[in-house]
């Protein structure tokens with residue numbers, strides 16, 4: 001809820017006009033693709049705005065790196081294989 005004061009006006013400034021255009025002027029066949037496009041654009045915008053390197057901790061980067069936790073994954077797999 002920490003970002004709600006920033007996020008709600010931004011969300012409303014995108015989605016209210018988008019839905020007014022969508023339901024007011026778009027033909028029926030174009031409504032779903034239009035919402036999908038606006039949603040993808042909004043997600044890209046938020047990801048770009050919030051996803052800077054300063055917002056990501058080094059622990060999260062290590063967890064997301066492929067092969068970073070292979071020792072724990074191998075131990076877990078060995079435990080599962082030994083249980084069979």
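The values are calculated or read from the model by the stated rules, or taken from the named source; none is laboratory data. No experiment lies behind these values; they were computed from the predicted model shown. Backbone-built Cβ (ideal geometry, glycine too); neighbour counts: all protein chains shown.
Selection within region 14-38: residues that are in contact with a helix residue (DSSP H, G or I) (Cβ under 6 Å, 6 or more places away or on another chain) and either part of a helix (DSSP H, G or I) or on the phi > 0 side of the Ramachandran plot (or both). The member of this set that is surrounded by the fewest Cβ atoms within 10 Å (Cβ to Cβ) is 31.
Evaluate the following for residue 56: is it surrounded by 11 or more Cβ atoms within 10 Å (Cβ to Cβ), within 27 Å of the chain's Cα centre (by Cα), closer than 29 Å to residue 3 by Cβ and modelled with pLDDT under 90? Answer is yes for this residue.
Contact map, region 19-48: first residue in contact (Cβ under 8 Å) with a residue 24 or more places away in the chain, second residue in a helix (DSSP H, G or I), Cβ cut-off under 6 Å, separation 6 or more or different chains; pairs are 38/18; 42/14.
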